[in-house]
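Novice: I am attaching a structure below and will ask some questions about it afterwards.
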Amino acid sequence: MELEVRHLRALCAIADTGSLHKAARRLGVSQPSLTTQLRRIENALGAELFTRGRTGCLPTPLGRSVLSRARPLVDGMTALVTETRAAAARAADGPVLRVGSTASRALPGWLRRLRQGRPGTDIALRVDVSAHRLLRTVAEGRLDLAFVHEVEGCPLRIPEGLTGRVLVEREPQFVSMAGDHPAAVHEVVDLADLAHDRWTVDPAVDGEWDGLRRVLGAAGLDPPLLHADYHTAASLIALGEAVAPCQPTSHPREDMAIRPLRGDPLAVRLLLFAAPGVPLDLPYADLAAAYREAALRAAPYRRWLRAGGTAGPCMMSA
């Protein structure tokens, strides 16, 4: 007898439930049928895989070894069936464009343009703080496009086979602070004005912590760093407990000020990547228009651009 996935699934069910009776109920078969199947599996392998007793079925040492190799196969087959059925359902409902992105104010406008330019196409979105994770997902064929940022001085590892284009060669990172912070009275802030502040970063964002430490170190500053996600960081900043780098497209709040840093020491590069065979020109044009729209809506960034700042190709008409 050759082992099949159904046999491995039966072994996993017995191990998970610890009982032939419970495993049979989970699998939708009778207990005698499952008992016979287990006996045939053990005969085929030439060894006992479970010990039967009053407390149920326990894997033998060899059984544990078999289970350690069976589970990934069962999980992989389950994932294959689930994903294939999902793909078939999507194909029946119409085409799907799978988009990934790190956080960006340009994202809503980009999605709107993608939908408008592709009637009948469903746009699926995945947002992740990790650019590397998004790029791997594109390389694995589970996303079609990924809009990501690369912290200056911390280059991304680009998987082979992806095609990419630069949206913004150097986007300056502004600083967010409490609305009543002493430095908020200035249109442009020096790093020295923030020498006594705590800085907060999200360590899950690829390169952000290292990039900030490099810039602060170059300025001769060594402030305490707080690790926090974006939502927690916003609360800390509004209360005056910390300052943080932020995207220039961020919108100021009543309790928070957004200011450029003199000399633009912090910056990122914005990039769009596509999976092999996925056209890039139209999604790139839609993204460039959405980014320009978001940039010009943000007053501090609009002033920075009009004062002579140059963000990249998509801002040439700003």
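Novice: Note down all Cβ pairs under 7 Å where the first residue falls in segment 189-200 and is assigned to a loop (DSSP other than H, G, I, E, B), the second is of a type in the set (A, V, I, L, M), and they're at least six residues apart or on different chains.
Specialist: Ala195/Leu221; Asp197/Ala242; Asp197/Val243; Arg198/Leu226; Arg198/Ala242
Novice: Okay, next question. Tell me yes or no: at least one residue of segment 218-235 is acidic (Asp, Glu) and closer than 28 Å to Ala307 by Cβ. Explain how you work it out, then say what you get.
Specialist: Residues of segment 218-235 that are acidic (Asp, Glu), as a first pass: 222, 229.
Checking the rest, the ones that are also closer than 28 Å to Ala307 by Cβ come to none.
There is no residue in segment 218-235 that is acidic (Asp, Glu) and closer than 28 Å to Ala307 by Cβ.
Novice: Anything in segment 255-274 that is open to solvent by 20 Å² or more (accessible area, probe 1.4 Å) and of a type outside the set (A, V, I, L, M, F, W, C)? List them, or say none.
Specialist: Answer for segment 255-274, where residues must be open to solvent by 20 Å² or more (accessible area, probe 1.4 Å) and of a type outside the set (A, V, I, L, M, F, W, C): Asp255, Arg259, Arg262, Gly263, Asp264, Pro265, Arg269.
Novice: Criterion first (acidic (Asp, Glu) and touching a Gly at 6+ places or on another chain (Cβ under 8 Å)) does Asp210 satisfy it? Reasoning before the result, please.
Specialist: Details: acidic (Asp, Glu): yes; touching a Gly at 6+ places or on another chain (Cβ under 8 Å): yes.
Criteria met by Asp210.
Novice: Looking only at segment 8-52, count how many residues are open to solvent by 80 Å² or more (accessible area, probe 1.4 Å), without any contact (Cβ under 8 Å) to a residue 12 or more places away in the chain and not in a helix (DSSP H, G or I).
Specialist: Of the residues in segment 8-52, 0 are open to solvent by 80 Å² or more (accessible area, probe 1.4 Å), without any contact (Cβ under 8 Å) to a residue 12 or more places away in the chain and not in a helix (DSSP H, G or I).
Novice: In segment 20-36, is there at least one residue being in contact with a strand residue (DSSP E or B) (Cβ under 9 Å, 6 or more places away or on another chain) and under 20 Å from Thr78 (Cβ atoms)?
Specialist: yes
Novice: Say we look at segment 201-218 and pick out the residues that are open to solvent by less than 30 Å² (accessible area, probe 1.4 Å) and either in a strand (DSSP E or B) or free of Cβ contacts under 8 Å to residues at least 40 places away in the same chain (or both); which of these is farthest from His149 (Cα to Cα)?
Specialist: Leu216
Novice: Give me the pairs, please: first residue somewhere in segment 231-253 and modelled with pLDDT of 90 or more and part of a helix (DSSP H, G or I), second residue anywhere and among the hydrophobic types (A, V, I, L, M, F, W, C) and surrounded by fewer than 17 Cβ atoms within 10 Å (Cβ to Cβ), beta-carbon distance under 8 Å, and either six or more positions apart or on two chains.
Specialist: Pairs that qualify, where the first residue is modelled with pLDDT of 90 or more and part of a helix (DSSP H, G or I) and the partner is among the hydrophobic types (A, V, I, L, M, F, W, C) and surrounded by fewer than 17 Cβ atoms within 10 Å (Cβ to Cβ), are Leu236/Leu226.
Yes/no per residue for (1) in contact (Cβ under 8 Å) with a residue 60 or more places away in the chain; (2) closer than 27 Å to Pro260 by Cβ; (3) not in a strand (DSSP E or B):
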{"position": "Ala103", "(1), (2), (3)": "yes, yes, yes"}
{"position": "Trp110", "(1), (2), (3)": "yes, yes, yes"}
{"position": "Leu125", "(1), (2), (3)": "no, no, no"}
{"position": "His132", "(1), (2), (3)": "yes, no, yes"}
{"position": "Gly161", "(1), (2), (3)": "yes, no, yes"}
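Novice: Looking at (1) closer than 29 Å to Asp255 by Cα; (2) under 22 Å from the mean Cα position of the chain (by Cα), can you tell me which one Leu216 breaks?
Specialist: Among (1) closer than 29 Å to Asp255 by Cα; (2) under 22 Å from the mean Cα position of the chain (by Cα), the lone unmet condition for Leu216 is (2).
Novice: Just one of the numbered conditions (1) exposed (fewer than 14 other Cβ atoms within 10 Å of the Cβ); (2) more than 21 Å from Gly277 (Cβ to Cβ) is not true of Gln173; which one?
Specialist: Unmet condition: (1).
Novice: Of the conditions (1) under 18 Å from Thr102 (Cα atoms); (2) assigned to a loop (DSSP other than H, G, I, E, B); (3) among the charged types (D, E, K, R); (4) out of contact with any His (no Cβ under 7 Å at 6 or more places or on another chain), Arg165 satisfies every one except a single condition; which number is it?
Specialist: (2)
Novice: Looking at (1) open to solvent by 60 Å² or more (accessible area, probe 1.4 Å); (2) among the aliphatic types (A, V, I, L, M); (3) at pLDDT 90 or above; (4) over 25 Å from Val185 (Cα atoms), can you tell me which one Met316 breaks?
Specialist: (3) is the only condition that Met316 fails.
For every residue, the table says whether it meets (1) among the aliphatic types (A, V, I, L, M); (2) more than 16 Å from Leu280 (Cβ to Cβ); (3) open to solvent by 60 Å² or more (accessible area, probe 1.4 Å); (4) out of contact with any helix residue (DSSP H, G or I) (no Cβ under 9 Å at 6 or more places or on another chain).
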residue: Arg118; (1), (2), (3), (4): no, no, no, no
residue: Asp122; (1), (2), (3), (4): no, yes, yes, no
residue: Glu150; (1), (2), (3), (4): no, yes, no, no
residue: Pro159; (1), (2), (3), (4): no, no, no, no
residue: Met177; (1), (2), (3), (4): yes, yes, no, no
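The values are calculated or read from the model by the stated rules, or taken from the named source; none is laboratory data. Values in this document were obtained by computation on a predicted structure and should not be read as measured data. Note that each Cβ is placed from the backbone with ideal geometry, even for glycine, and that neighbours are counted across all protein chains shown. Ligands, DNA and RNA are excluded from the accessible area calculation, which covers all protein heavy atoms including side chains. Shrake-Rupley method; radii C 1.70, N 1.55, O 1.52, S 1.80 Å.
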